[in-house]
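One structure is given below, encoded as structure tokens.
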Amino acid sequence: MYFYYDIYFKNGVDPYGFEWPKDFNHELYDDFMSKYITVLSRRAKKWDRLLNSKEEFHKSNKVKRYVRKGIPSSHRGVVWTMISGAKELKDQQPDLYTTILRRPLKQEIIETIDLDIPRTFPDNIYFKTASPDSKRESLKNVLLAFAHQNPAIGYCQGLNFIAGIMLLVTDNEDMTFWLLQSLVERILPDFYTKEMTGLLTDIGVLEELIRSKVPQVHEHMVQTGVSWSMYVSKWFICLFAEVLPIETVLRIWDCLFYEGSKVLLRVAVTLVMKNQDKILAAKNFVEITEVFKSLPLGATVTECHSFMQAIFRVPGSFPRAHISKLREYCREKVEKEKAHTKVLQEQQKQRQLEEKKAREAALELKRQNEEKEAALQAEREKQALENSTAKELSPCNDMDAIPDENDSCKVQTKVANQKEEAETSNGNKSSVETNQIPNTPVITSFSTESIKQIANGKQTSPVAHEGSSKSPAEVSP
């Protein structure tokens, strides 16, 4: 069995297809595996006897002890389905998985899952497109079936990592689907819903456990203003996948499927307690963040067998009744905070609506004012045009001074006087001229027709004056 792991060392990947990072401590891991192989070999023999016995497999103290010491990889998939309740669910609807995939699937769910598939374990050879044994299509099928079977959850980020590891263990789509279904229905209810009430509740429970078991750390976190959810949300959502070494994750999941979600609390409390000196030494938010990033590293978590023994020893007792009471208290607190947040959101929404209406009213008033101003401007331009036209048509040549009524009267009077004087002068002159030239002919007014006849030579000018020395024919027209 040691040579089995040695082959993977030479190929640059671990037994589950994960590539070794460049800074991976092979010496530390080799030292650990040389001891752990013996444990795995011994445990595998005991599991073989347990599963091949004539007795029906069911939960017991013996099975619980076996699970805590680790399920061999050769039996892990089958045992998971039995201890998690997945087999029971499958037996109720054996053809459900294939039936869902035959139905019409929602395009928006397909597109969302397609975006996350390439992001799932990019360092694993089984989830690379170039791999002939790629599990990408199987992962997509499982996530699609789960999302359509659970419309209240749909697809939640984090499930891709969980389903991915399940596929690596079981190598079976149908079994993975039912494991995922059992996980969200029975073990972690409300963890992956849109409101994530179960997740927020357990984060609150963790904080209360830290307060009671390592109060100095809790007080330090409060003083620095750091929220636990900032660090442990990923721990709980991914069930420590992408956080701890894969062998350690699988050992945690062995216990999770058997004992339930309080195993996650044990792991988190153990990580904090084993690193409390580092956390207390961190002086600010940045340093605390760096410490939490380092918690899943090093021999403490790499040596999975010792770590799993520690999670049941270091935090002490986790009575089920006590955890239930804490969850009830924290859930009520979460619900109140959600209700308060909802009220604040409604108030903000109302304010935004009122501000929108105020902006619209202001814009409408501005528009009306602009229309009025435009109308007034048009009226002014029209009046100016009319005044300009009137000036151009005025008989008065002096455009700089338009006479008033008095000036007009004076002009009229002056014109009348000038006319009277002219008539008098003309009268006197006429009498003189008459005396001097008594026989000057008088030409009558011509009509238009008369002018035409004269022009054509048909009519002579009618000169009527007795004693004239010339005949009418001699008068020029």
Return the pair list, or none, for Cβ contacts closer than 6 Å from residues in segment 305-329 that are more than 14 Å from ARG266 (Cβ to Cβ) to residues that are among the hydrophobic types (A, V, I, L, M, F, W, C), at least 6 apart or on different chains. HIS305/VAL39; ARG327/VAL205
Could you tell me which numbered condition SER84 fails, if it satisfies all but one of (1) in contact with an Asp or Glu (Cβ under 9 Å, 6 or more places away or on another chain); (2) in contact (Cβ under 8 Å) with a residue 60 or more places away in the chain? (1)
In segment 100-126, anything assigned to a helix (DSSP H, G or I), open to solvent by less than 50 Å² (accessible area, probe 1.4 Å) and of a type in the set (Val, Ile, Thr) is listed as ILE100, ILE109, ILE110, ILE113, ILE117
What are the residue pairs meeting all of these: first residue in segment 130-154, first residue in contact (Cβ under 8 Å) with a residue 12 or more places away in the chain and within 15 Å of LEU101 (Cβ to Cβ), second residue assigned to a loop (DSSP other than H, G, I, E, B) and of a type in the set (A, V, I, L, M), Cβ atoms under 7 Å, and 6 or more apart or on different chains? LEU144/LEU105; HIS148/LEU105
Please specify each residue of segment 283-304 satisfying the condition of being over 30 Å from SER84 (Cα atoms), among the hydrophobic types (A, V, I, L, M, F, W, C) and touching a residue at least 40 places away in the same chain (Cβ under 8 Å). PHE285, ILE288, PHE292
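Name the residue that is least open to solvent (accessible area, probe 1.4 Å), counting only residues in segment 127-171 that are of a type in the set (S, T, N, Q) and closer than 19 Å to GLU185 by Cα.
Checking each candidate, the answer is ASN160.
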Check whether at least one residue in segment 175-188 is of a type in the set (Val, Ile, Thr) and outside any helix (DSSP H, G or I), and report yes or no. no
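Name every residue in segment 190-207 that is in a helix (DSSP H, G or I) and open to solvent by 30 Å² or more (accessible area, probe 1.4 Å), in order of residue number. Please lay out each step first, then the result.
Kept after step one, since they are in a helix (DSSP H, G or I), are these residues of segment 190-207: 197-207.
Listed by number, the residues that qualify are LEU200, GLU207.
Hey, which of the helices (runs of 4 or more DSSP H) in segment 273-323, taking only ones fully inside, have at least 2 residues that are open to solvent by 50 Å² or more (accessible area, probe 1.4 Å) and more than 21 Å from THR248 (Cβ to Cβ)? Walk me through it before giving the result.
On the way: elements: 276-281, 285-294, 299-302, 304-311.
Passing ranges, in order: 276-281, 285-294.
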I need every pair where a residue in segment 176-203 that is of a type in the set (Gly, Ala, Ser) has its Cβ under 9 Å from the Cβ of a residue that is open to solvent by 50 Å² or more (accessible area, probe 1.4 Å) and assigned to a loop (DSSP other than H, G, I, E, B), sequence separation at least 6 or different chains. GLY198/PRO189; GLY198/ASP190
I'd like to know if segment 24-45 contains one or more residues that are modelled with pLDDT of 90 or more, of a type in the set (Ser, Thr, Tyr) and surrounded by 18 or more Cβ atoms within 10 Å (Cβ to Cβ). no
Within the bounds of segment 104-116, is there any residue that is under 25 Å from GLU173 (Cα atoms) and touching a residue at least 60 places away in the same chain (Cβ under 8 Å)? no
If you take the residues in segment 208-230 that are assigned to a helix (DSSP H, G or I) and in contact (Cβ under 8 Å) with a residue 60 or more places away in the chain, which one is most open to solvent (accessible area, probe 1.4 Å)? GLN216
If I filter segment 172-189 down to residues being at pLDDT 95 or above and among the acidic types (Asp, Glu), which single residue comes out as surrounded by the most Cβ atoms within 10 Å (Cβ to Cβ)? GLU173
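Table: residues versus (1) modelled with pLDDT under 65; (2) among the basic types (Lys, Arg); (3) surrounded by fewer than 10 Cβ atoms within 10 Å (Cβ to Cβ).
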residue: GLU354; (1), (2), (3): no, no, no
residue: LYS372; (1), (2), (3): no, yes, no
residue: GLN377; (1), (2), (3): no, no, no
residue: LYS382; (1), (2), (3): no, yes, no
residue: ASN397; (1), (2), (3): yes, no, yes
residue: ALA422; (1), (2), (3): yes, no, no
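Can we say ARG351 is out of contact with any strand residue (DSSP E or B) (no Cβ under 9 Å at 6 or more places or on another chain), on the phi < 0 side of the Ramachandran plot and in contact (Cβ under 8 Å) with a residue 24 or more places away in the chain?
Numbers: out of contact with any strand residue (DSSP E or B) (no Cβ under 9 Å at 6 or more places or on another chain): yes; on the phi < 0 side of the Ramachandran plot: yes; in contact (Cβ under 8 Å) with a residue 24 or more places away in the chain: no.
Judged against the criteria, ARG351 is not a match.
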If I go through segment 46-77 residue by residue, how many of them are surrounded by 11 or more Cβ atoms within 10 Å (Cβ to Cβ), part of a helix (DSSP H, G or I) and among the basic types (Lys, Arg)? 4
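The values are calculated or read from the model by the stated rules, or taken from the named source; none is laboratory data. These numbers come from a predicted model, not from an experiment. Note: ideal-geometry Cβ built from the backbone for every residue, glycine included; neighbour counts use all protein chains shown. Ligands, DNA and RNA are stripped out before the accessible areas are found, and what is left, the full protein with its side chains, is counted by its heavy atoms. Shrake-Rupley method; radii C 1.70, N 1.55, O 1.52, S 1.80 Å.
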